[in-house]
Amino acid sequence: MTQATVVDITVTKGSNDMDLIAPTPSDPNTISESQVNEKKPLSSAVTVTVAGAGGAGINLSRPFRTDPRINSVLFFDTSMTNIRPGESVNVITNGSGSGSNRSENAADIQRNISAMEKEELGLNDVAIVVFSLAGGSGSVCGPLLIREYARRGVRPIAVVVADTSHAVGANNTLNTLKTLNSIALNNELVIPVIVLSNDLASRRGDVDKMGMNLISVLTGLLTAPTYEVDRNDRLNWINPSKVAGSSLGVKILSLNTPGLTVDTDIVLGTQSNDMVDSLLVLTSSPDDDLVIKLPPARLKKSGFYIDKHPQIIGKISSDISSIEKIIDHVERMKNLSNANSHKAVDRLASNSSDDLIL
Ligand SMILES: Nc1nc2c(ncn2[C@@H]2O[C@H](COP(=O)(O)OP(=O)(O)OP(=O)(O)O)[C@@H](O)[C@H]2O)c(=O)[nH]1
Ligand SMILES: [Mg+2]
C-alpha cells in the first residue's frame with residue numbers, strides 16, 4: 001500500500017496524551033481541565049481538504065484517505081478509470097475522459113464545479129488541490145476547483161505534476177500554469193504551488209513518493225498542535241498578501257524537514273535564495289537549531305509543538321524562475337515541432353503529379 005511511503009509525522013486528532021499543562025515561556029493561559037476533558041480540537045490547527053483531480057491527482061491523494069489529520073479527501077475526474085474498488089469519485093461530464101485535450105470538457109467542468117454542493121467540495125480552511133498539469137482533466141478541474149474553493153472562502157494550495165517530455169504534455173503544462181496564474185490575478189489570490197516534474201525522474205513512483213511526502217509534511221505544518229502559532233498565522237503564511245503586502249499570483253511553496261531529502265530534479269524551484277514572501281517555522285522548542293539557514297522574509301512566524309514532532313520550515317516564494325524554465329523548454333519544443341511537423345507529408349502533398357487521384 002502506498003501509504004507506507006509517506007513520512008510518518010502523523011499526530012492523532014484529539015490525542016489526550018499531550019502535555020497540555022506544561023508551562024512554557026510565552027504561554028500565558030493555562031488550559032483548563034474541562035478543555036482537556038472535552039478533548040476540544042486545538043484551535044491552532046486549520047482544517048484541511050485534499051482534492052485530487054484527474055489521474056495523477058487522484059493517485060497522489062489516495063493515501064491521505066486514511067490520514068486522521070485531514071478532514072476530507074475528495075476525487076474529481078472525467079472518467080472512472082483512475083478509481084479503485086470501494087472509492088468514490090465526482091465524475092464530471094459523460095465519463096469518457098478528456099484524452100489529454102484541455103478543451104474537451106472544459107465548459108462542462110466549469111459549469112459543474114460552480115454548481116457543486118458544499119459537501120461535494122468539502123469546505124474546510126485550506127484545500128490542497130492535486131493534479132497533473134499535462135493531461136486534459138486534472139489540468140482543467142484543478143484550477144477551477146482552486147477558484148471555486150477561494151470563492152467559497154477556502155484558502156487553496158496546489159500540488160502539481162509537470163510533464164514536458166512530449167509536445168502535448170508540454171503545451172498543457174504551460175497553459176495550465178497560465179490558467180492558474182490568471183485565476184490568481186483575476187480573483188486577487190496568492191496561489192502557493194508545489195511543482196513536481198516527471199521529466200527527469202527515472203520512475204513515476206519516485207515523483208509520487210516525493211509528492212506524497214511533501215503533502216504529508218505540509219499537512220503537519222498546517223495541523224500539528226502548537227504554541228505561539230495559531231490558525232490565522234497558518235492562514236496568513238499561505239496568504240502573505242494580506243499582512244505583508246506580497247504580490248498576487250502563483251508562488252512556489254517549499255518545505256524543509258529532517259529526514260526528507262528533496263530531490264531538486266523532481267521538485268522545482270526550491271533552491272532560491274531570494275527574499276521569500278513568508279516563512280512558517282515549527283520546532284520542538286524555542287531553542288532548537290534550525291535544519292536550514294532561514295532566508296530573509298517579508299513575514300515570519302515561529303512556534304513550537306505541543307507534542308513531539310519533527311521540525312518543519314515552510315517557505316512561500318515569489319521566485320518562479322523554475323516556471324520560466326518550463327516556459328523556455330515549451331517554446332523550444334514548439335519550435336522543434338513546427339520545424340519538423342509533417343515535413344514528409346507536406347512534400348508528398350505538394351507533389352500533385354500522382355497518376356491516380358482518389
Ligand atoms: N507522477 C505521476 N504522473 C502521472 C500519474 N498519472 C499520470 N501522470 C502523468 O500525468 C500526465 C497525464 O495526466 P493525467 O493526470 O493522467 O491526466 P488527467 O488529468 O486524468 O486527464 P486526461 O486523462 O487527459 O483526461 C502524463 O504526463 C502522465 O505521465 C501519476 O500517478 N503520477
Ligand atoms: Mg485521466
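Show me 181-193, 264-276 ranked by packing, highest mean number of other Cβ atoms within 10 Å first. List each step's numbers first, then the result.
Working: 181-193: 19.5, 264-276: 16.9.
Descending packing order for the listed peptides: 181-193, 264-276.
Of LYS242/LYS308; LYS242/LYS300; LYS178/LYS315; LYS209/LYS293, which sit over 24 Å apart, Cα to Cα? Present the calculation step by step, with values, prior to reporting the outcome.
Details: LYS242/LYS308 31 Å; LYS242/LYS300 13 Å; LYS178/LYS315 22 Å; LYS209/LYS293 26 Å.
Too far apart for the 24 Å limit: LYS242/LYS308; LYS209/LYS293.
How high is the relative contact order of the range 88-194, in percent, with contacts defined as C-alpha pairs under 8 Å that are six or more residues apart? Each step should come with its number before you reach the end.
Numbers: 158 pairs, mean separation 28.1, N = 107.
For the range 88-194, the relative contact order is 26 percent.
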Exercise for the section: Report, in degrees rounded to the nearest 10, the 0 to 90 angle that the Cα long axis of helix 321-340 makes with the longest principal axis of the chain. Expected result: 10 degrees
Practice task
Please label the shape of the range 203-271 as rounded, prolate or oblate, based on the square roots a ≥ b ≥ c of the eigenvalues of the alpha-carbon gyration tensor (a/c under 1.5 means rounded; beyond that, a/b larger than b/c means prolate, else oblate).
Solution key: oblate
Handout entry: Size of electric dipole in the chain: Cβ of Lys, Arg +1 and of Asp, Glu -1, about Cα centre, debye, nearest 20
Key = 440 debye
Exercise for the section: Give me the angle, in degrees from 0 to 90, between the Cα long axis of helix 167-186 and the longest principal axis of the Cα atoms of the chain, rounded to the nearest 10. Expected result: 50 degrees
Exercise for the section: Calculate how steeply helix 204-223 sits against the longest principal axis of the alpha-carbon atoms of the chain, using the helix alpha-carbon long axis, and give the answer as 0 to 90 degrees to the nearest 10. Expected result: 30 degrees
Exercise for the section: Arrange the peptides 200-210, 83-93, 68-78, 245-255 so that the one whose residues have, on average, the most other Cβ atoms within 10 Å appears first. Expected result: 68-78, 245-255, 200-210, 83-93
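I'd like to compare 164-175, 287-298: which one has the highest average count of other Cβ atoms within 10 Å, and what's the full order after that?
Details: 164-175: 20.1, 287-298: 12.4.
Final packing ranking: 164-175, 287-298.
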Exercise for the section: Quickly estimate the mean residue ellipticity at 222 nm for the chain, helices only: each DSSP H run with n ≥ 4 gives -39500 (n - 2.57), and the total goes over all residues, rounded to 500. Expected result: -10000 deg cm²/dmol
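In percent, what relative contact order does the chain have, based on Cα pairs under 8 Å that are 6 or more apart in sequence? Please list the in-between numbers first.
On the way: 710 pairs, mean separation 57.6, N = 358.
Relative CO of the chain lands at 16 percent.
Readers should treat all values here as calculations from the given coordinates under stated rules, not as data from a laboratory. Values in this document were obtained by computation on a predicted structure and should not be read as measured data. Because the Cβ atoms are built from the backbone with ideal geometry, glycine has one as well, and the counts that use them run over all protein chains shown.
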